Amino acid sequence: EKERTLAIIKPDGLAGNYTDKIREIILDSGFSISKEMVVQLDEDTVKSFYAEHSSRSFFQNLVKYMTSGPVLVMVLEKENAVADWRGMIGPTDARNARVTHPHSIRAMCGLDSERNCVHGSDSPDSAGRETSFFFEDLSSVVSKHDE
Ligand code: CMP
């Protein structure tokens, strides 16, 4: 059974020219990239995407970071996509990733707990929400607007 997950190459990853390398890792790991787009996120979009973190002390910095330059948003598809992509990116803090998961993507291109160069949905529920957040046609919910 195929599954979808949302991957984001964050501003530092895109600016650091890691995109081709990350794309190669993704494809070599058996994922297909079913959607992708480069976008410059605005503050409201980031706040809404990361709403669950809105009370955290790092939230304002996170908004600043995620709006600091364009990001590459991708929908990845394969069996067990959510857990496999999370495993490949490694722990949130890239400094820990370099110690405990040296072959992970965050170990390769991340800097610290904030500037960790990539995002991955943390559960199948989040993946559903996050893929439809960015790609309306993946939404199973008919919004009021469309009625
Ligand atoms: P991500 O897994 O995409 O989702 C939440 C993001 O918030 C995370 O990556 C980091 O970019 C950021 N973040 C999480 N924890 C911290 C922290 N302790 N300090 C700063 N930023 C954080």
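The values are calculated or read from the model by the stated rules, or taken from the named source; none is laboratory data. Just so it is clear, the model here is predicted, and its values are computed rather than measured. Quick reminder, even Gly has a Cβ in these numbers, built from the backbone with ideal geometry, and neighbours come from all protein chains shown.
Remarks
- Matching residues in the range 1-47 - criterion: being free of Cβ contacts under 8 Å to residues at least 12 places away in the same chain and in a helix (DSSP H, G or I): D20, R23, E24, L27, D28, D44, T45
- Selection status of A7, modelled with pLDDT of 95 or more and surrounded by 15 or more Cβ atoms within 10 Å (Cβ to Cβ): yes
- Number of positions in the range 14-50 that are touching a Cys at 6+ places or on another chain (Cβ under 8 Å) and modelled with pLDDT under 95: 1
- Remark: T45 matches the filter, which requires a residue to be closer than 16 Å to T131 by Cβ, among the hydroxyl-bearing types (S, T, Y) and within 16 Å of the ligand (Cβ to nearest atom).
- Annotation: R129 fulfils all but one of (1) in a loop (DSSP other than H, G, I, E, B); (2) of a type in the set (K, R); (3) away from the ligand (no atom under 11 Å from the Cβ); the unmet one is (1).
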